Amino acid sequence: MEKKKLYIQTFGCQMNVQDAEKMAALLGESGYETTDDPGRAQLILVNTCSIREKAAQKIYSQLGRFRALKENNPRLIIGVGGCLAQQWGDGFFRKAPYVDLVFGTHQIHRLPEMVGHLEQVGGRISATGFCDRVRSLEIQAQPAAGAVTTFVTIMQGCNNFCAYCVVPHVRGPEESRPMSEILREVETLAGLGIREVTLLGQNVNSYGRTLPEGPDFAELIRAIGKVDGIERIRFTTSHPKDLSERLIGCFGEVPALCEHIHLPVQSGSDRVLKRMNRGYASAAYRDRVAALRRACPGISITSDVIVGFPGEEEEDFQQTLALLREVRFDNLFSFKYSEREGTAAVGMDRPVREGVKRERLEILQALQEEHTWEKNRARVGKLEDVLVEGESRNGGELTGRTRTNRIVNFPGKAELVGKTVRLKIVDAYLHSLRGRMEQSGGTDVH
Ligand code: SAM
Ligand code: SF4
């Protein structure tokens, strides 16, 4: 019998991408297979993000397109999950009456039952309660066929309540996954040909706090470092206030742990950091950066910054620029502050005008471009170990990443996918490097 078709559209972060893979794995057991063509689907799931206003707007325009499909095929089931679904609940039915199912971030495990009900009985379902245990943490996402790298969720939720952030409100309190379960999943992935895992959580540094046996994140990394076949470990995201000496000690000591850390700073001004409820001052952040560089001199450090948080004066912004000049991040993700319903920053005094936010973002990004260029150019002429992930987007070439998380494109044969090759870096761009395999005996492949 021909399988039913499922189309999933995912917005937002890696956590959502992982959730989408879990949805596909779960519904696969109910006779669905995924399709790239929404026009052929009997079930469409939109996995939403609410981190910034722009994300929410994009979701609306996408849903409008699916509405047209439903007009041609009334049996089509449209479901909305993820963070925006969690936040709006049945409110979604008012805003988009053609939606049949709204499911929250703790309800993914119930998808087969809910979809089954809609297929047989019809009607509408909204399920957005929080559970004591997040059942979807137990579901193993299926990596794509031929994948070399993948993500592994190690925890869900967040207890930090940064004043601007919707995550604790839509993902619930922090919950860690037992270490034995994570290790089992990583071993299975290694058996499937995965060579690199990225451990995912909103604040991986506090991993283990909710577990009775209380392993910490450093212990988890050391254990994964011993799994046969796993050559590289990465993780995201780290909160500076919880970055322990034990974790810093893993860099350089656990051979599989890659020399890269994403350590969001958000602002260089202590006044703004305090209003953001980040739990550290800029001096403590600088101190963590220094400790990381002492333990692992070549480490690549990337970060997130928000400009235009309420109360951010020109002087505060200048302090953020000064921090960037001093730390010299390898890369930076920067955002204009966007007010999110339900967060502590709503209604804070001294909001920053949109034009000022835009201007600050441009200045910040121009400065970071200089630093990214400088860091990438410094790689030219060096040898780098690159894990080959597949064909490059332009085709005809291979693509992979250095241990410091830089993309490298180079000419090579497809049989190198999944292998680590030593390449000479011959050119640098803003978003990638160009490499070359040395012809005469100098190239290592393993
Ligand atoms: N848990 C991570 C952390 O603590 O950094 C990441 C959370 S969030 C998915 C990723 C980034 O989005 C944040 O680091 C922050 O810079 C940005 N962000 C979150 N809420 C925002 C908001 N209301 N406006 C603008 N940017 C925001
Ligand atoms: Fe949001 Fe802060 Fe939690 Fe990160 S640590 S998810 S920014 S509340």
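Only the coordinates and a few stated rules stand behind these numbers; no lab work does. This is a predicted model, so every value here is computed, not measured. Counting neighbours? That spans all protein chains shown, and the Cβs are built from the backbone with ideal geometry, glycine included.
With +1 assigned to the C-beta of every Lys and Arg and -1 to the C-beta of every Asp and Glu, and no other charges, what is the dipole magnitude of the chain about the Cα centre in debye, to the nearest 20? All intermediate terms of the calculation are to be shown ahead of the outcome.
Working: 60 positive and 58 negative charges, 113 e Å.
Here the size comes out at about 540 debye.
Going toward the positive end of the dipole of region 119-244, with +1 on Lys and Arg Cβ and -1 on Asp and Glu Cβ, which of Gly129, Val197, Tyr207 do you reach last?
Sorting the options by dipole projection puts first Gly129.
Take the alpha carbon atoms of region 137-176, find their center, do the same for region 259-307, and report the distance between the two centers in whole angstrom.
What the calculation gives is 22 Å, centre to centre.
Let me check against my output: what whole-number percent is the relative contact order of the chain, with C-alpha pairs under 8 Å and at least 6 apart? Walk me through the numbers on the way to the answer.
Numbers: 880 pairs, mean separation 42.8, N = 446.
Rounded, it is 10 percent for the chain.
Divide by every residue of the chain the summed helix terms, -39500 (n - 2.57) for each DSSP H run of at least 4, and state the resulting mean residue ellipticity at 222 nm, rounded to the nearest 500 deg cm²/dmol. All intermediate terms of the calculation are to be shown ahead of the outcome.
Values: 13 runs with 148 residues, N = 446.
Counting only the DSSP helices, I get -10000 deg cm²/dmol.
With an 8 Å Cα cut-off and a minimum separation of 6 or more residues, compute the relative contact order for region 376-431 in percent.
Working: 103 pairs, mean separation 25.3, N = 56.
45 percent.
Out of Phe329, Val152, Ala223, whose Cα points farthest toward the positive end of the dipole of the chain (charges: +1 Lys, Arg; -1 Asp, Glu; placed on Cβ)?
Going by the charge dipole, the pick is Phe329.
Treat each spin label as a single point 7 Å out from the Cα along the C-beta direction, and report the Ala284 to Arg325 distance in nm.
According to this spin-label approximation, the distance is 2.6 nm.
By per-residue mean of other Cβ atoms within 10 Å, what is the highest-first order of 37-45, 339-347?
Working: 37-45: 18.4, 339-347: 14.6.
So the order, starting with the most tightly packed, is 37-45, 339-347.
Please report the antiparallel percentage of DSSP beta bridges with both residues in the chain, rounded to the nearest 5. Provide the component values of the computation, followed by the final result.
Numbers: 21 of 63 bridges.
Roughly 35 percent of the DSSP beta bridges within the chain come out antiparallel.
Among Val305, Val386, Val426, which one shows the biggest mean-square fluctuation in a GNM of the chain, springs joining Cα atoms closer than 10 Å?
Among Val305, Val386, Val426, the largest mean-square fluctuation in the Gaussian network model of the chain belongs to Val426.
Calculate, for Leu183 and Lys413, the FRET efficiency according to 1/(1 + (r/R0)^6) with r their C-beta to C-beta distance and R0 30 Å; round to the nearest 0.05. Each step should come with its number before you reach the end.
On the way: r = 34 Å, r/R0 = 1.14.
Result of the calculation: an efficiency of 0.30.
Output the direction-averaged projected area (hull surface divided by four) of the convex hull of the alpha-carbon atoms of region 220-347, in nm².
Details: hull surface 34.7 nm².
Across all orientations, region 220-347 yields a mean hull projection of 8.7 nm².
Given springs between every Cα pair under 10 Å in a Gaussian network model of the chain, which of Gln107, Gln365, Gln18 has the largest fluctuation?
Gln365
Pop the C-beta distance of Asn73 and Trp373 into the FRET formula with R0 = 51 Å and round what comes out to the nearest 0.05. Display every interim value, and only then the final one.
On the way: r = 50 Å, r/R0 = 0.98.
Efficiency, from the Cβ-Cβ distance: 0.55.
Mind checking the dipole of region 270-359: about its Cα centre, +1 per Lys or Arg Cβ, -1 per Asp or Glu Cβ, Debye to the nearest 20?
Charge dipole, region 270-359, about its Cα centre: 340 debye, nearest 20.
For the chain, which DSSP H helices look membrane-span-like by this rule: Cα extent along the axis of 15 Å or more and mean Kyte-Doolittle of at least -0.5? Display every interim value, and only then the final one.
Details: long enough: 14-28 (21 Å, -0.05); 53-72 (30 Å, -1.02); 179-191 (18 Å, 0.24); 282-295 (20 Å, -0.47); 314-327 (20 Å, -0.43); 354-377 (34 Å, -1.50).
Span-like helices, by this rule, are 14-28, 179-191, 282-295, 314-327.
Whole Å is fine, so just give me how far the alpha carbon centre of region 338-365 lies from that of region 39-79.
Comparing the Cα centres of region 338-365 and region 39-79, I get a distance of 29 Å.
Under a Cβ-Cβ limit of 4.7 Å, which cysteines in the chain have nobody to pair with?
When partners are defined as cysteine Cβ atoms under 4.7 Å apart, the chain leaves Cys13, Cys49, Cys83, Cys131, Cys158, Cys250, Cys258, Cys296 without one.
With r as the distance between the Cβ atoms of Arg293 and Asp427 and R0 = 35 Å, compute the FRET efficiency 1/(1 + (r/R0)^6) and round to 0.05. It would help to have the intermediate numbers written out before the result.
Details: r = 26 Å, r/R0 = 0.76.
That pair, Asp427 with Arg293, gives E of 0.85.
Please compute the volume of the convex hull spanned by the alpha-carbon atoms of region 149-276 and report it per residue in Å³. Intermediate results must be reported in sequence, preceding the final value.
Working: hull volume 13.9 nm³, N = 128.
Measuring per residue, one finds 109 Å³ for the Cα hull of region 149-276.
If contacts are Cα pairs under 8 angstrom and at least 6 residues apart, what is the relative contact order of region 78-202 in percent? Walk me through the numbers before you get to the answer.
Working: 182 pairs, mean separation 29.8, N = 125.
Relative contact order here is 24 percent.
So between Arg271 and Gln9, what do we pick up on full extension, going 0.36 nm a residue minus the alpha carbon distance? Walk me through the intermediate numbers first.
Numbers: separation 262, 0.36 × 262 = 94.32 nm, distance 3.92 nm.
Gain on extension, Arg271 to Gln9, equals 90.4 nm.
Order of Arg271, Arg94 from fewest to most other C-beta atoms within 10 Å? Numbers along the way, then the final one.
Details: Arg271 15, Arg94 9.
In order of increasing Cβ crowding within 10 Å: Arg94, Arg271.
In nm, give the distance between the simple-model label positions of Leu211 and Ala163, each being 7 Å from the Cα along the Cα-to-Cβ direction.
3.5 nm
On full extension of the chain, what length is gained from Glu253 through Ala25, given 0.36 nm per residue of separation minus the C-alpha to C-alpha distance? Before the final figure, lay out the partial values.
Working: separation 228, 0.36 × 228 = 82.08 nm, distance 3.56 nm.
Gain in length upon complete extension: 78.5 nm.
Quick check on the chain: take the gyration tensor over C-alpha atoms, sort the square-rooted eigenvalues as a ≥ b ≥ c, and tell me if it's rounded (a/c under 1.5), prolate or oblate.
Details: a/c = 1.58, a/b = 1.18, b/c = 1.33.
In terms of gyration-tensor shape, oblate.
Could you quote the convex hull projected area for region 187-236, Cα atoms only and averaged over all directions, in nm²? It would help to have the intermediate numbers written out before the result.
Values: hull surface 14.3 nm².
Reported value for the Cα convex hull: 3.6 nm².
Gain in length, Arg133 to Asp90, computed as 0.36 nm per residue apart minus the alpha-carbon separation, to one decimal in nm? Show your work: numbers first, answer last.
Values: separation 43, 0.36 × 43 = 15.48 nm, distance 2.28 nm.
In short, 13.2 nm is gained.
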